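Trainee: Below you'll find the structure I mean.
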Amino acid sequence: MEHPVPFAMDEAFQAVLQGEDELGVVIRAHIHLEANLLELLEHLLVSPKHAEKMSLDYAQRVHLAVALGLHSQYESPLLALGTLRNAFAHRPGTKLTKDRIDNLYSCLSSDMKQIVQNAHQNARKKRPEVKVAPFGKLKPRDQFILIAIALRALLQVAIRDAKASQ
């Protein structure tokens, strides 16, 4: 899958996430991605104000975005992110475990996995003086941050494309 713009680390978003504990990382990432999803829907819908009256939840917004043209490969990871957010929001003591991150990562298409891997490799090359483990050996929190950055970048490309086709 070719992307019209190269994937770049969203340093501001990454900085916001780096300063959080696991709960904060998941909740804050979800807030930002949901805001991107809402912005995308504003550009895909003919009358976004009517959709606001529907009081759609996050999963319904994801399904609507896919129905309106968001690539279907984004559906599964976005829904998995929502499920992960719900676990943190409704069950005290929830942790970012290897199993949870493996589940989220498994929802990514092979193209999306490659984007995450490339982003990690590029970050490692930028700072060769810092010893950074390969992606598979990173802490679950750090893997989550990379996945969230990739999902946000892909949504931003979708927003840009939707704006261009208006």
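The values are calculated or read from the model by the stated rules, or taken from the named source; none is laboratory data. Not measured: the values here are computed from a predicted model. In this analysis, Cβ positions are derived from the backbone assuming ideal geometry, glycine residues included, and neighbour counts consider all displayed protein chains.
Trainee: How many residues does the range 12-64 hold that are in a helix (DSSP H, G or I) and free of Cβ contacts under 8 Å to residues at least 60 places away in the same chain? I'd like the intermediate steps shown before the answer.
Mentor: Here is the first cut: in the range 12-64, the residues in a helix (DSSP H, G or I) are 12-18, 22-44, 48-52, 58-64.
Pick out the ones that are also free of Cβ contacts under 8 Å to residues at least 60 places away in the same chain and you get 12, 15-16, 24, 28, 30-31, 34-35, 38, 41-42, 48-52, 58-64.
Summing the residues that are in a helix (DSSP H, G or I) and free of Cβ contacts under 8 Å to residues at least 60 places away in the same chain in the range 12-64 gives 24.
Trainee: OK, next. Tell me the residue from Y74, Y105 that is in contact with a Ser or Thr (Cβ under 9 Å, 6 or more places away or on another chain), of a type outside the set (A, V, I, L, M, F, W, C), assigned to a helix (DSSP H, G or I) and at pLDDT 95 or above, please. Spell out how you get there, then give the answer.
Mentor: Numbers: Y105 fails: in contact with a Ser or Thr (Cβ under 9 Å, 6 or more places away or on another chain).
One residue alone meets the criteria, Y74.
Trainee: Which of (1) over 15 Å from the mean Cα position of the chain (by Cα); (2) surrounded by 12 or more Cβ atoms within 10 Å (Cβ to Cβ); (3) of a type in the set (K, R); (4) under 25 Å from A164 (Cβ atoms) is the odd one out, the single condition R61 does not satisfy?
Mentor: So R61 meets the others, but not (1).
Trainee: Of the residues that sit in the range 73-121 and are under 18 Å from L23 (Cα atoms) and small (G, A, S), which one is surrounded by the fewest Cβ atoms within 10 Å (Cβ to Cβ)?
Mentor: For the range 73-121, the residue satisfying everything is G93.
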